[in-house]
Amino acid sequence: MLKIQKFSAIALLVGAVFATTACNEKEKAAPSAETKPAAQADSTLTKDPSYAVGVLLGSDLKGLVDSQKEVMSYDQDKLVSGVKDALAGKVDLTQNKELQATLTALNDKLSKAAEAKAKDDAKKTAETAKQAKADGEKFAAEFKAKEGVKETKSGLLYRIENAGEGDVIKPEDTVKVHYTGKLPNGTVFDSSVERGQPAEFKLNEVIPGWTEGLQLVKKGGKIELVIPANLAYGEQDLGTIPANSTLYFNVEVLDVTPAKK
């Protein structure tokens, strides 16, 4: 794709708002059914390179403005005036001390907002991770007390519903499985069953708890796994899976393809 050099003012501000906006992207609500489609531009303009570049720059500017709306409110008319004056050569940012001071002050404001949000997010993540660890320990203890549950040396808890038949699955083998993954509170974070599409992968390319657990059954086997955080995603916060999460999986091995020798 053609890369167009962007305004230096935009480049100056992007870094300051990156941390502020990254998390907001995850929280955007889906558009409502009443959302109207954007008006279509004149076809004679869309074929014009000048207009196309203007739309490209305008889209970047709009994205920047929208990302900062919780911190800063911009006057659209003045934004457009600034762009026009710059294009017309009426103002030189490198020579205008007032403009430089204004942008520096703005950048400082955005940086402070980003730092405050980063600290707040870190605090929330730590609190969530602490709670996830406690919830996981409680869930594991309750599961361990159930009939038929066993524990490996690594701390993996499992209960075999059907051992399956055939050869023992090896880490290098490719397995085809149906599974449902849940958090200790019952939230389903992933399910091939709900998607209606089995998953297929090499057993040694997934989390350690899976690699170890699926070797306990064979083709056609069904197994429940309770995987402690250190055998799953550890301290990583994946959004749908908080840091320090213990994970529950119900897995059915549909097929096994032995690794080529």
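The values are calculated or read from the model by the stated rules, or taken from the named source; none is laboratory data. Computed from a predicted structure; not experimentally measured. For neighbour counting, all protein chains shown are included, and Cβ atoms are generated from backbone atoms with ideal geometry for every residue, glycine included.
So the values come out like this:
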item: Pair list, Cβ under 8 Å, 6 or more apart: segment 166-193 residue on the phi > 0 side of the Ramachandran plot, other residue part of a strand (DSSP E or B); result: GLY166/LYS219; GLY166/VAL256
item: The one condition in (1) in a helix (DSSP H, G or I); (2) out of contact with any strand residue (DSSP E or B) (no Cβ under 8 Å at 6 or more places or on another chain) that GLN95 fails to fulfil; result: (1)
item: Residue check for GLU200: buried (at least 16 other Cβ atoms within 10 Å of the Cβ), assigned by TED's automatic domain parsing to the domain that holds THR180, of a type outside the set (A, V, I, L, M, F, W, C) and not in a loop (DSSP other than H, G, I, E, B); result: no
item: Any hit, segment 229-250, residues being farther than 22 Å from ALA126 by Cβ and of a type in the set (Val, Ile, Thr); result: no
item: From ALA140, ALA122, residue being assigned by TED's automatic domain parsing to the domain that holds GLY234, out of contact with any helix residue (DSSP H, G or I) (no Cβ under 7 Å at 6 or more places or on another chain) and part of a helix (DSSP H, G or I); result: ALA140
item: Residue that is surrounded by the fewest Cβ atoms within 10 Å (Cβ to Cβ) [pool: residues in segment 73-104 that are among the β-branched types (Val, Ile, Thr) and more than 16 Å from GLY58 (Cβ to Cβ)]; result: THR94
item: Checklist (1) over 14 Å from PHE249 (Cβ atoms); (2) not in a loop (DSSP other than H, G, I, E, B); (3) not polar (S, T, N, Q) applied to GLY209, failing item; result: (1)
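Condition check ((1) in contact with a Lys or Arg (Cβ under 7 Å, 6 or more places away or on another chain); (2) surrounded by 18 or more Cβ atoms within 10 Å (Cβ to Cβ); (3) closer than 29 Å to LYS138 by Cα; (4) not basic (Lys, Arg)) across all residues:
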site: ASP190; (1), (2), (3), (4): no, no, yes, yes
site: ASN204; (1), (2), (3), (4): no, no, yes, yes
site: VAL226; (1), (2), (3), (4): no, yes, yes, yes
site: THR246; (1), (2), (3), (4): no, yes, yes, yes
site: VAL256; (1), (2), (3), (4): yes, yes, no, yes
